[in-house]
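Working notes, structure below.
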C-alpha cells in the first residue's frame, strides 16, 4: 500500500530563523499532514534543537537532523559521519574562521561563544556548545562555518578537499558541510522499504535535493532561486503560511 510522507524543513520554512517555536500555520499544516500520512521533520539543526520547537501534542513520526547525517525513528537512530581524515583536515583549518562549529551525536562544539553569530546559534538551537577542548573524536556529523564575505570562494575551496563531502549554504552566511553519502532526501528514503509518495516543503539550498526528488516539492515564497526552480509549487506566502497554502494545494490535487 502506498504511504504518503510529508517532509518539512524547519528554519525558513515552518518558521522564521529568529523564532523560538514553529508558528500556528506550521502546526496546522503538520496536523493536516498527519491525517493523510506520516510526518518527517528534516532540518540542518541537531536533534535537541528540533524537539524543543514544537509542543508534545504534535505527532511527529521521524526526525532527520543535521541534513540527514542523524536520523531518529522511535528508539532507533542512524548516523552518517564525515570521513575521519577529511574531518581532521577541516578541523586543522578552523583558525581561519571566526565561527567554525562541529556537530556530533553528543552536541555541538565551538571555540569562541562570544561572537554574535554563536550567540544567535545558541538562541536558535536552545542549548550551549561544548568547547573544542572537550571534543573526544566521536564522529562528526556536520561542520558549520559562518562567514559574512567570500562565501562562494570558501565553498569552492572546501569542495576541492574531497568529493566525499557535500558543501551547501543554508542561509546567506551559513556554509554546511556533511558526508556526500547523505542528504535530506536520501535520509527520508532510508526510513521506508515500501512504495512511498513524498511531499516536501523547503526554502534553502540544503533542501534542494529533497524538493527536486520528491513526488511533489513545494517552496515557500522566501525560498532561494535554486529551490524555487526545483519546486512543483511556489507559494505566494512566506514561512508557515506558505506551507499551509501548499498543503491546501496538495489536498485539492491528490486527496
Roughly how many whole Å is it from the C-alpha centroid of the range 200-219 to that of the range 1-61?
14
So what's the angle, to the nearest 10 degrees on a 0 to 90 scale, between helix 239-254 and the longest Cα principal axis of the chain?
40
Mean separation of Cα contacts under 8 Å (6+ apart) over length of the chain, as relative contact order %:
22
The chain, Gaussian network, Cα under 10 Å: of 151, 177, 234, the residue fluctuating most is 151
Given a Förster distance of 22 Å, the FRET efficiency implied by the Cβ-Cβ spacing of residue 215 and residue 1, rounded to the nearest 0.05, works out to 0.90
Based on the alpha carbon coordinates of the range 97-142, what radius of gyration and maximum Cα-Cα distance (Dmax) apply, in Å?
10.0, 27
As an exercise, take the mean of 1/r over every pair of distinct alpha carbons in the chain, invert it, and state the Kirkwood radius in angstroms.
18.3
Helix 116-125 versus the longest principal axis of the chain: what is the Cα-based angle in degrees, 0 to 90, to the nearest 10?
40
Applying a 10 Å radius around every beta-carbon, put 152-163, 208-219 in order of their mean neighbour count, most first.
208-219, 152-163
Shape verdict for the range 142-255, please, from the Cα gyration tensor: rounded (a/c under 1.5), prolate (a/b greater than b/c) or oblate.
oblate
Stretched out fully, how many nm does the piece from residue 61 to residue 152 gain, at 0.36 nm a residue minus the Cα gap?
29.2 nm
The range 84-179: mean projected area of Cα convex hull, nm²:
5.8
In degrees, nearest 10, range 0 to 90: what is the angle between the Cα axis of helix 24-36 and the longest Cα principal axis of the chain?
60
Which whole-number value in Å³ per residue fits the convex hull of the alpha carbons of the range 39-150?
116
Most to least packed among 135-146, 17-28, 88-99, 238-249 [average Cβ atoms within 10 Å]
238-249, 135-146, 17-28, 88-99
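Every number in this text was worked out from the coordinates using simple rules, so none of it is lab data. Note that the structure is predicted; figures quoted are calculated from it, not measured. So basically every Cβ, Gly included, is an ideal-geometry build from the backbone, and we count neighbours across all protein chains shown.
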